Amino acid sequence: MRISPIDPDKLDPDQKTIYDRIAGGPRGQVRGPYHAFLLHAGVCEGVERMGHYLRFAAKLPGNIRELAILVVGRHWRAEFEWFAHAPIAIREGVSEDVVAALEAGGDPDFSDETEAAVYAFVQSLLKTGRVDDAMYADMRGRLGEDGIVELMGIIGHYTGVAMALNTFEIVPPDGERPSFADG
């Protein structure tokens, strides 16, 4: 890691308020990208609120949310993002076979049509920066336009998280790192 882990006793009042909110909330601890984001209280404030909403208050089902996060994490080869979210994805109903295929860099075989459509949507947006009309219409039928906004929010938010993790070289503990085939 390029930066030191956060020492709560050395935080200024703004940083300490955010730190305490994260540690006392559903995350239960301050780890991963928050070691970087807390270096800038204003940025951390916005990132934490968006992340909290997307993880704990949004409408998309957990399997869809976590699948999108894994696709983003795999795309950016953000090891900590993968480490944190692969177990959550499985708990939320994404199959272990899908998670394993993503980790290996392959296209998973989905038994759930909505998961397959979300995977294609996220992949298209990450690889080309666009989704075509047919894909948009399909996703609107599956998730609604507000669901598409939420999905875009997940993709954008977790891309930012991946950038922080990769910039500051925040990785999982030894023995917990994913085996990304191309990384």
*From the list Phe56, Phe80, which residue is of a type in the set (Phe, Trp, Tyr) and within 24 Å of Arg177 (Cβ to Cβ)?*
Phe80
*asked:* From the list Met139, Met163, exactly one residue is farther than 26 Å from Phe83 by Cα and at pLDDT 95 or above. Which is it?
replied: Met139
_Tabulated pairs, the range 48-60, first in the same structural domain as Phe37 (by TED's automatic domain parsing) and crowded, with 19+ Cβ neighbours inside 10 Å, second in a helix (DSSP H, G or I) and of a type in the set (S, T, N, Q), C-beta under 9 angstrom, 6+ apart or interchain_ = none
_Suppose we filter the range 109-147 for residues that are within 28 Å of Gly46 (Cα to Cα) and either under 16 Å from the mean Cα position of the chain (by Cα) or not in a helix (DSSP H, G or I) (or both); how many remain?_
10
*Enumeration of residues in the range 148-183 that are charged (D, E, K, R) and part of a loop (DSSP other than H, G, I, E, B)*: Glu169, Asp174, Glu176, Arg177, Asp182
*For the range 1-31, how many residues meet the condition of being surrounded by 12 or more Cβ atoms within 10 Å (Cβ to Cβ) and assigned to a helix (DSSP H, G or I)?*
11
*Which of the residues that make up the range 32-58 are in a loop (DSSP other than H, G, I, E, B) and over 24 Å from Glu150 (Cα atoms)?*
Leu38, Leu39, His40
*Which one of the conditions (1) without any contact (Cβ under 8 Å) to a residue 40 or more places away in the chain; (2) out of contact with any Lys or Arg (no Cβ under 6 Å at 6 or more places or on another chain); (3) closer than 26 Å to Pro33 by Cα; (4) aliphatic (A, V, I, L, M) does Leu126 fail to meet, given that it meets all the rest?*
(1)
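The values are calculated or read from the model by the stated rules, or taken from the named source; none is laboratory data. Everything numeric here is computed off the predicted structure, so don't read it as measured data. A quick note on method: Cβ atoms are made from the backbone with ideal geometry, for glycine too, and the neighbour counts reach across all protein chains shown.
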